[in-house]
Amino acid sequence: MKSIRSFCFTSGLLALYFFNAVCADSTKVYYLDEVSVVQSRNIIFSEDKRIIEVDSSIFEIYKNVNLGQLLSVSAPITIRQYGAEGGISMAAVRGLRVNHTQVNWNGIPINSLTTGDNDLSLIPSGIIDRIQLNFGASGSLYGSGTIGTSIGLTNEPDWKNKLNINFCYERGSFISNKYKAAMRIGNENFQYHIGAIHYTAANNFIYNDYYLPGNPEVRMEDNAYSNSGIMQHFFFRLPKRNSIQVGIWYQDKNYEPPNTMGRYYRNYAYQNDNTFKTYLSWVKVYKSSSLTVKSAYFDDYLRYRYKQNVADEDYAIDSKYDTRRVYNNLNFRKYIKNTITIDIGSELQLAQADVSNYRGNRDETRFAVMGAAKYKWKNTIFNTSLREEFVDDRTPHTLYSFGIHRSLNSIHEFKANISNKYRTPTFNERFWQPGGNPDLEPEQGWSTEVSYLNNFHRGNHHIRSSHTLYYARIENLVQWITDSIIHPVPEKNARTLGYEFTTNYQFSVGRFLIKSNLNYIFSNAIITGHYEQAEFKGNKLIYAPAHTLSGFINASFKRIYGGITSSLISKQYTTEDNQEILSLPAYSVTNLHMGTSWRLLGTSTTLQFRIINLFNTSYEVVKAYAMPGRAFYISVSIGLNKI
C-alpha cells in the first residue's frame, strides 16, 4: 500500500506538471463528427508497421466464439488451442512463442504476470468493438513482450447511437449453449455499453486415438466448461474538450482440462479462472497539444486442482494463483505546423503475486519513460520512438524504433521499420520454488520488416493487398529444463525470417456483395545457437509451421448471406531435435456459414447456421490433444436499434 500511495502522489505531481505546461496552449485535434479524438500512442506512431484489422463481416458471423477461435479464421496468426472450445488458447506469429505476443485491452497490456502469455479463451469476441494486430509492434511503444506481435482490443463509442439492444442464443454440437445480451444507450455527450455472455459445453465428442493400439474410437470425457462474463463502458464527452472513458470487465471460467491421447485412465482435473479488470482514462485536448492520463487495476485468480480418482477426498494437486496489478500512464502530445508530432510519456506498473509455489508474496515494479516523434513531408511519414524501461533494481533497457511510410500515389504504398525488443522474465521464471531464478536475464533481440501495399479500385471491384518481408533475431530464449530439478535457463538463440501476403477483395453491385480474404505466410524460424545441445543449431523451432494459408469468402444478397472460412497449417515439430515421428502432420480445416435476417415490428432478427470442420478432419493443434470433428451450430439474434 505504501508503494501505491507513493505512486499516486508521483502521478499527481506529473499530471500537474503536464497540465501547467499545456493549459495556456490551444490544440490541433482529429475531428470525427465534430468530436475531438486523440489517437493512442501505439496507433499514431505505427504507420510504418504491418497492421491488420479483423474484418467486420467475419466479426459479426463469429460473435459467439472466444477470441482465439475468431482469430483462427480471420487473421494470419497461429492459434495453439489445447483441445476443444473452452480449452486454453494462445496466439503466436512468425514461428515465435506465445509469450512473445502481447494482448492489450484499450491500450493496457493484460498478459499473465505468472506465465507471460494470454489465454484467449477467456476473451469473448462479441463484447469487443475492434481487433487489430500490429506485426511490427516495437518495444519502444509497447514495452516488454512484443517480440512477436501485439493484439489490440478496443471498445469505442458511437456518438450517434440512442438505443441498441441485442440478444443472441446459439445451440450446437457437444451440448453447447451460448447466450449473449448487449445494450448500448446514450446521446451525443454520453454513451453506456454493457455486454454479458454465458457459454457452456460438455465437449463430449468422439475421436480416433492414434496413440493407442488399433486407433480406437474414444468419447471425450471430463472436458466440460462454462464461461460467464460482463463488460461495461462509460463514455463521457465533457465541456472544454475533455473526455472520460471507464471500463469494467469481469470474467469467470470453469474448465475440466482434458486428458491427453494415449491414456487408458480418465483425467480428474478442474481449473477456475477468474478476472476483474477496470480502467479510467481522461483526455484533455488543447489547440495544438493533448494530455492523456490512464489508470487501471487488474485482479486475476486461477485455481488448478487434480485428483487421481474421482472418489478421493483430497486433491493430489491444489495450486492457487492470485495476482494484482496497478497500471498508470501519462502521455503528452504536441503538434507543430501540421507536420511534426512530438509525444512524451511515462508508465508505472505495480504488480503483486500470491502463489503457493512462490512461498510468499512477490512484488515487481516497472517504470518507463518514453518519447516519440513523427515528421510528415509530402507523401512520406517518418516515425521514431525511444523508451527506457526499469524493472525493479535490474539493469534498465533502452528500446528504439525507426520507420518510414511512403505513399507513392493512391495505389502504391511502401513501409519499412527496424526496432529492438525484449521480454522480461515472468513471475514463474523468477520466483517458482523450487527452480525459479530471480536473476534470470531477459530475452532480447531486434527485428525489421519491409512492406509493399497495393490499393486497386475500379468500378465495382476493390482489391487491397500487401507483401511483407521480415527478419528477427532473439537471444537468451528461456526454456524450462530438468536437471536435479526443473528450472528455467537462457538456453538458446534463434532467428526467424519470412514472407507474408494478404489480399482483400470486394465486389458489389446493387444489393449483392462479395468479400474475400486470403493470407499466406512463409516462416523459417530456426535455432542459431544452443547452450546445452550444440547439435540443435539449425533445427526448426517447435510449433513453427513453415507454411500457413488461411482465408474466407462471404457473399450476401439482400437479407441472405453465406460463405466459408478455411485454414491450412503445414507440418510442425514438437521437439527441438526435430524428430519426425513426434512431429504434427499438416492439416486443413474448413468451416461453412449461412444466414438470413428480417425486420418485424421495429426489431431485426438474424438466423444463422454454421458447420465447423466441414470435412470432419482429424488433426492436432497441440501434441496429443484431441480436436473435435464436424460440429453444427444454429443461432438466433434479435435486436432493436433506435438512431
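For (1) touching a residue at least 12 places away in the same chain (Cβ under 8 Å); (2) surrounded by fewer than 22 Cβ atoms within 10 Å (Cβ to Cβ); (3) within 24 Å of T149 (Cβ to Cβ); (4) not acidic (D, E), each residue gets a yes or a no:
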site: D392; (1), (2), (3), (4): yes, yes, no, no
site: L399; (1), (2), (3), (4): yes, no, yes, yes
site: H405; (1), (2), (3), (4): yes, no, yes, yes
site: R423; (1), (2), (3), (4): yes, no, yes, yes
site: F427; (1), (2), (3), (4): yes, no, yes, yes
site: P438; (1), (2), (3), (4): no, yes, no, yes
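Could you please find all residues in region 115-128 being in a loop (DSSP other than H, G, I, E, B) and either modelled with pLDDT of 95 or more or in contact with a Leu (Cβ under 8 Å, 6 or more places away or on another chain) (or both)? Outline the logic, then answer.
Keep residues of region 115-128 that are in a loop (DSSP other than H, G, I, E, B), which gives 115-119, 123, 128.
Once the filter is applied, which keeps residues that are in a loop (DSSP other than H, G, I, E, B) and either modelled with pLDDT of 95 or more or in contact with a Leu (Cβ under 8 Å, 6 or more places away or on another chain) (or both), region 115-128 yields I123, I128.
At pLDDT below 95, within 30 Å of I317 (Cα to Cα), surrounded by fewer than 20 Cβ atoms within 10 Å (Cβ to Cβ) and not charged (D, E, K, R), is that true of N409? Break it down stepwise before answering.
Numbers: at pLDDT below 95: yes; within 30 Å of I317 (Cα to Cα): no; surrounded by fewer than 20 Cβ atoms within 10 Å (Cβ to Cβ): yes; not charged (D, E, K, R): yes.
Considered against the rule, which asks whether it is at pLDDT below 95, within 30 Å of I317 (Cα to Cα), surrounded by fewer than 20 Cβ atoms within 10 Å (Cβ to Cβ) and not charged (D, E, K, R), N409 comes out as no.
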(request) Would you mention how many residues in region 52-89 are touching a Phe, Trp or Tyr at 6+ places or on another chain (Cβ under 9 Å), under 27 Å from T605 (Cα atoms) and not in a loop (DSSP other than H, G, I, E, B)? (result) 8
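Let's see how each residue does on (1) within 26 Å of E500 (Cα to Cα); (2) open to solvent by less than 20 Å² (accessible area, probe 1.4 Å); (3) outside any strand (DSSP E or B):
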position	(1), (2), (3)
T565	yes, yes, no
T574	yes, no, yes
I581	no, no, yes
H593	no, yes, no
S604	no, no, no
Y619	yes, no, yes
(message) Going by what's in this entry, would Q69 be described as of a type in the set (S, T, N, Q), modelled with pLDDT of 90 or more and out of contact with any helix residue (DSSP H, G or I) (no Cβ under 7 Å at 6 or more places or on another chain)?
(response) yes
(message) Given the criteria in contact with an Asp or Glu (Cβ under 9 Å, 6 or more places away or on another chain), more than 14 Å from I110 (Cα to Cα), without any contact (Cβ under 8 Å) to a residue 40 or more places away in the chain and open to solvent by 20 Å² or more (accessible area, probe 1.4 Å), does R303 qualify?
(response) yes
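From the list P109, P76, P124, which residue is out of contact with any helix residue (DSSP H, G or I) (no Cβ under 8 Å at 6 or more places or on another chain) and open to solvent by less than 30 Å² (accessible area, probe 1.4 Å)? Explain how you work it out, then say what you get.
Numbers: P109 fails: out of contact with any helix residue (DSSP H, G or I) (no Cβ under 8 Å at 6 or more places or on another chain); P124 fails: out of contact with any helix residue (DSSP H, G or I) (no Cβ under 8 Å at 6 or more places or on another chain).
Result of the check over P109, P76, P124: P76.
With D129, D119 as the choices, which residue is acidic (D, E), in contact (Cβ under 8 Å) with a residue 24 or more places away in the chain, surrounded by fewer than 22 Cβ atoms within 10 Å (Cβ to Cβ) and closer than 30 Å to I194 by Cα? If you could, list the steps in order and put the result at the bottom.
On the way: D119 fails: surrounded by fewer than 22 Cβ atoms within 10 Å (Cβ to Cβ).
Exactly one of D129, D119 is acidic (D, E), in contact (Cβ under 8 Å) with a residue 24 or more places away in the chain, surrounded by fewer than 22 Cβ atoms within 10 Å (Cβ to Cβ) and closer than 30 Å to I194 by Cα, namely D129.
Any residue that is out of contact with any Cys (no Cβ under 7 Å at 6 or more places or on another chain), farther than 30 Å from G498 by Cβ and of a type outside the set (D, E) - is there at least one of those in region 147-155? Show your work before the answer.
In the first step, residues of region 147-155 are kept if they are out of contact with any Cys (no Cβ under 7 Å at 6 or more places or on another chain); the result is 147-155.
With farther than 30 Å from G498 by Cβ added as a condition, the list becomes 155.
Checking which are of a type outside the set (D, E) leaves us with 155.
Yes: one or more hits.
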(request) Just need a number here: residues in region 170-220 that are more than 30 Å from R266 (Cβ to Cβ), open to solvent by 40 Å² or more (accessible area, probe 1.4 Å) and of a type in the set (S, T, N, Q). (result) 2
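Look through I185, I175 and report the one residue that is over 26 Å from S281 (Cβ atoms) and either modelled with pLDDT of 95 or more or touching a Cys at 6+ places or on another chain (Cβ under 7 Å) (or both). Even if it seems obvious, please write down each step before you answer.
On the way: I185 fails: over 26 Å from S281 (Cβ atoms).
Step by step, each of I185, I175 is checked, and only I175 is over 26 Å from S281 (Cβ atoms) and either modelled with pLDDT of 95 or more or touching a Cys at 6+ places or on another chain (Cβ under 7 Å) (or both).
Please determine whether any residue of region 622-634 is open to solvent by 40 Å² or more (accessible area, probe 1.4 Å), touching a Gly at 6+ places or on another chain (Cβ under 8 Å) and within 29 Å of F507 (Cβ to Cβ). Show your work before the answer.
Keep residues of region 622-634 that are open to solvent by 40 Å² or more (accessible area, probe 1.4 Å), which gives 623, 625, 630, 632, 634.
If we keep only those that are touching a Gly at 6+ places or on another chain (Cβ under 8 Å) too, we end up with 625, 632, 634.
Those left that are additionally within 29 Å of F507 (Cβ to Cβ): 634.
The answer is yes; a qualifying residue exists.
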(request) Name the single residue, out of those in region 307-339 being loosely packed, with under 14 Cβ neighbours inside 10 Å and of a type in the set (A, V, I, L, M), that is farthest from F390 (Cα to Cα). (result) A311
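The values are calculated or read from the model by the stated rules, or taken from the named source; none is laboratory data. Not measured: the values here are computed from a predicted model. So basically every Cβ, Gly included, is an ideal-geometry build from the backbone, and we count neighbours across all protein chains shown. We work out accessible area using only protein heavy atoms, side chains counted, and drop any ligands, DNA or RNA first. Shrake-Rupley method; radii C 1.70, N 1.55, O 1.52, S 1.80 Å.
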